[in-house]
Each structure stands twice: as C-alpha cells, then as structure tokens.
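Structure first, then comments.
A short reminder: the numbers here are calculations on the coordinates, not readings from a lab. None of the values given here were measured: they were computed from a predicted structure. Cβ sites come from the backbone with ideal geometry, for glycine too, and all protein chains shown count toward neighbours.
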Amino acid sequence: MNETIRKMKNHTSIRHFKDYPVSEEVLIELVEAGQSASSSNFIQAYTLISVKDVKKRKIIAEIAGNQTHIVDAPLFIVFVADLERARLSASLHGAAMIEAETESFILATVDTALMAQNVMIAAESLGLGGVYIGAIRNNPEVVSTLLELPLNTYPVFGMCLGYPLTENEKKPRLPVEMILKTDTYQSGNEVELLQKYDLEMEAYYLKRTAAKRTDNWTKQMARMFSKPLRPHMKSFLRSRKLNDD
Ligand SMILES: Cc1cc2nc3c(=O)[nH]c(=O)nc-3n(C[C@H](O)[C@H](O)[C@H](O)COP(=O)(O)O)c2cc1C
C-alpha cells in the first residue's frame, strides 16, 4: 500500500480542532487541489465560500442542528453547485442557457462533490482533518440568503477543516464483495453479508470511545429511509431554477 492509499483508508471525520489557524496559503493549496479534480464537460460547476463571519457561522450551526464545530473550526467552507457561470458564458455568446434541467443539476452536484473530496484528501495529506456538513440543507433557503447566492446555484454541503484535536476510531465500511460486482448486480447473498456487517458495526458502536451506542447499519438505514428526507429540497431547487419538477 502506498502513502496516498494508506491516508485515504485511514480517513475519519474530524469534529474537534486545535485552536490553531489554517493559513491562507494552505487554503489556496487545498482549493487548487480541489480544482484539479475531473469535471464533467469541464464545466467546473462549483464555487466555494469560506465563511469567516462568526455571526453567519452561528446561524449556519443552528440550522445544522447546533453542530458547534461549524463555529469552532478554523475553516468552514460552503460548497456551492454553480451553473450561474455557465449561464453567464452562454449569454456572452447571445445564447440562453436552458434552466432547471435535471441533467445539468446532476452535473453540477457531481462536479462539486468530486472537487470537495479532493479538498478533503489534500487537507488530510497536510495533517488537517475535517467533516462534511450536509445538514446545511436543513434550511438551504437561509444559507443561500446569508451567502447571497444567485439563482442557478445551491449550497450542497459545508466542510469544517482544521488540525485535529481528537480523532474517532475508523468506521468499518461495507464488505468489498457487496460493493464490487462483476458483470451483473445480482449476487444472491446480500442479506447474509448485511447481517455480517451489522455484527461488525454493532461491535464498533459499542467499543468506540465517543458516543458509544447499541446500533447497527441496517437499523440506521431503516430509520433514515422510512421518513421523508428534507422534502423542502424539491421546491427549494425549483426556486433556484435547478429543477422544474
Ligand atoms: C455529504 C456528506 C454530508 C455529511 N454531513 C454531516 C453532518 O452534517 N454532520 C456530521 O457530523 N457529519 C456529516 N457527515 C459525515 C458522515 O457522517 C461520515 O462521513 C460518516 O459517518 C462516515 O464516518 P467517517 O467519515 O468518520 O469515516 C457527512 C458526510 C457527507 C459525505
């Protein structure tokens, strides 16, 4: 295993940070590493907003269910999927971008996620750590207003970054044999593999240092997917001209 893969396999989300700033040089380095990610049709459909204003951070932390690391982290970046630049480019050539297309929405979201994960890996390679904050989508409207986001953009997630103060034990992932298949999706032993993984996750949750609990992965999924997931996203994306459903 080489150093890059070792680092990637040792990833854990970091939610507690040393009181030590991340320099502007490091931030630019991370963003440039992010920009080097592949990009569908080279649209580079993202904008990053580093939120320094403490008042804004506090509002966002509250929106995200009082995640205090949003206020405490040396860096908090909102990753915005951005088709506004594409609209502007089209208009420079007398063309009108077709808005609210599902495919464009997917392209922009995928581009943003790929760039963000490059940022995370680059950060970890420099000894920093971080955590994604999807919970900003609890109220994407207010986040968009706070950051003055134009139409044709939306805040996909935030990311806290800094030098780790505490680290969690690594979370076991699903077995590779569930994730990697050959020629066909069907394999027949899904339930057996899930039950085995549940035992592994149960042991992990009982053993870990922080937030020990009795739980497993399929229970987590059952809880999550048996209730509506941020149903406001549909009308919100429509209001941003990113969906016409
Ligand atoms: C898009 C996305 C959004 C996330 N949102 C949150 C969040 O709002 N708060 C949080 O504490 N962790 C969040 N996470 C972190 C996940 O909970 C974490 O990655 C997962 O449990 C696996 O743990 P690990 O990263 O430590 O391996 C998010 C992760 C992703 C990829």
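Some points to look at:
- When the Cα positions of Ile106, Met221, Ile5 are compared along the charge dipole of the chain, Met221 comes out farthest toward the positive end, with charges on each C-beta of Lys, Arg, Asp and Glu.
- Phi to ³J(HN,Hα) by Karplus 6.51 cos²θ - 1.76 cosθ + 1.60 over the range 94-110, Hz, x for Gly, Pro: x, 9, 10, 5, 6, 8, 6, 8, 4, 4, 4, 4, 5, 4, 5, 5, 5
- DSSP-loop trypsin sites (Lys or Arg not before Pro) across the range 45-76, with at most 15 other Cβ within 10 angstrom: Lys52
- Entries of Lys9/Lys171; Lys170/Lys212; Lys9/Lys181; Lys171/Lys212; Lys18/Lys207 with Cα pairs more than 18 Å apart: Lys9/Lys181; Lys18/Lys207
- Point-to-point label distance, Thr12-Ser226, nm (Cα→Cβ direction, 7 Å offset): 3.0 nm
- Of the chymotrypsin sites (Phe, Trp or Tyr not before Pro) found in the range 96-189, the ones in coil according to DSSP and having at most 16 other Cβ atoms within 10 Å of their Cβ are Tyr185.
- Partners of Lys234 within straight-line reach, counting lysines whose Cα lies under 27 Å from its Cα and excluding those fewer than 8 residues away in the same chain: Lys56, Lys58, Lys219.
- GNM on the chain, alpha-carbon springs under 10 angstrom: the most fluctuating residue among Ile136, Ile14, Ile59 is Ile59.
- Estimated vicinal HN-Hα couplings, Hz - the range 142-147 in sequence order (Karplus 6.51, -1.76, 1.60; Gly, Pro = x): 5, 4, 5, 5, 4, 9
- Signed unit charges on C-beta, dipole axis of the range 72-204, positive-most listed residue Cys160, Ala86, Leu194: Ala86
- Karplus 3J(HN,Hα) series, Hz, for the range 71-83 with 6.51 cos²θ - 1.76 cosθ + 1.60 (x for Gly, Pro): 7, 7, 5, x, 10, 9, 10, 9, 8, 10, 6, 9, 9
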